[in-house]
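Presented below is the structure to which this report refers.
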Amino acid sequence: MDTISQLIKAFDSTYVGQNMADLVALYATIEEQTSVFCSKYQIACGNGCGTCCEHFMPDITASEARLVAAYLLFVKQDQKLIEDLLLARGNHEGPCPLYLFDSPFHCSVYAARPLICRLFGACASTGKDDKAVFRRCRYNVEKTMPEKLIFEEDVPVMQDYSYALRSLDDGNGKVDYLPEMVIPMLEQLQFLSHMLEGGDINPDDNPTPTPSPTPLAS
Ligand code: SF4
Ligand code: SF4
């Protein structure tokens, strides 16, 4: 069982567990579709690249924030990362506080990373004339993806995934930068885990996290 499944199981009698399960299922569907899309149109990030995370702060929904917070608290259990997150409040430009400059895997919450991180550089979006367009990420100096593609056929677009994500949302549609959304969730989840277990979710119930693979778009 992977770490995300363990998290869902730990909260499975609650709304939080169900919401995490729905979000993870949506991410899996999206990942499958973007992977087919990228392979069909020969879109790939540079090897080991994570430059976007150095110049970017994701804006995320409540459901996404809860999954990131749970991953930080119960899988990563890394106080330094949490401190970095607290210090990043008010930083809307990046770097993302969850980005690891010195690790080849870069994203410290790869399995729980938000939607925008999954789509950046890996998905088309709807242009002004309603046609789907893919544009090369501006940091992709190695040119491992086409500069621009305009599609006549139906391809997955960012806006559709965004709507699907919002349909899971329980935060009254609120979207904000990652630190602002994740920090309040840390406290909520700690409280909930105490209620469920009479204490923290046992870290021994969770397997050692597997290192994140080279990101497709992070
Ligand atoms: S989208 Fe891909 S190529 Fe562009 S900066 Fe991010 S990881 Fe690098
Ligand atoms: S992929 Fe990870 S490190 Fe990069 S912006 Fe997203 S959460 Fe932050």
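In table form, for the structure just shown:
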quantity: Kyte-Doolittle mean at least 0.0 and Cα axial length at least 15 Å: DSSP H helices in the chain; calculated: 15-40, 178-197
quantity: Portion, in percent, of the accessible area of the stretch 3-199 that falls on carbon or sulfur, probe 1.4 Å; calculated: 51 percent
quantity: Theoretical FRET efficiency, 1/(1+(r/R0)^6), r = Cβ-Cβ of Leu100 and Phe191, R0 30 Å, to 0.05; calculated: 0.60
quantity: Top positive-direction residue, dipole computed over the stretch 58-170 with Cβ charges, set Pro95, Cys117, Ala65; calculated: Pro95
quantity: Nearest-0.05 FRET efficiency for Glu152 and Glu93, computed from C-beta distance (R0 45 Å); calculated: 0.80
quantity: Per-selection metrics, the stretch 3-199 (Cα): Rg and Dmax in Å; calculated: 17.3, 56
quantity: Cα pair distances of the stretch 62-117 binned at 5 Å [whole percent]; calculated: 4, 18, 29, 32, 15, 1
quantity: Lys, Arg +1 and Asp, Glu -1 on Cβ, resulting dipole of the stretch 3-199 about Cα centre, debye, nearest 20; calculated: 340 debye
quantity: Coil-residue GluC sites (Glu not before Pro) of the stretch 1-96, DSSP, other Cβ within 10 Å capped at 11; calculated: Glu93
quantity: Per residue solvent-accessible surface (Å²) - the chain, probe of 1.4 Å; calculated: 52 Å²
quantity: Computed Kirkwood radius, in angstrom, where 1/r is averaged over Cα pairs of the stretch 2-109; calculated: 15.6 Å
quantity: Two-site FRET efficiency, Asp170 against Glu83, from Cβ-Cβ distance with R₀ of 22 Å, rounded to 0.05; calculated: 0.20
quantity: Under the Karplus curve 6.51 cos²θ - 1.76 cosθ + 1.60, θ = phi - 60°, whole-Hz ³J(HN,Hα) for the stretch 138-155, x wherever Gly or Pro sits; calculated: 5, 8, 7, 5, 6, 6, 8, 9, x, 5, 7, 10, 10, 9, 8, 8, 6, 9
quantity: Accessible area of Arg135 in the full protein assembly, 1.4 Å probe (Å², nearest 10); calculated: 140 Å²
quantity: Listed residues Tyr177, Tyr71 arranged by accessible area, highest first, probe 1.4 Å; calculated: Tyr177, Tyr71
quantity: Exceeding the 28 Å Cα-Cα cut-off - candidates Lys76/Lys143; Lys76/Lys148; Lys9/Lys40; Lys40/Lys128; Lys148/Lys174; Lys143/Lys174; calculated: Lys76/Lys143; Lys76/Lys148; Lys9/Lys40; Lys148/Lys174; Lys143/Lys174
quantity: Separation in nanometres of the label points that stand 7 Å from Cα toward Cβ, at Lys143 and Gln159; calculated: 3.1 nm
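The values are calculated or read from the model by the stated rules, or taken from the named source; none is laboratory data. Predicted, not measured: the structure shown is a model, and the values here were computed from it. Don't worry about glycine lacking a Cβ; one is built from the backbone with ideal geometry, like all the others, and counts go over all protein chains shown. For the accessible areas, the whole protein counts, side chains as well, though only heavy atoms, and no ligand, DNA or RNA atoms are used. Shrake-Rupley method; radii C 1.70, N 1.55, O 1.52, S 1.80 Å.
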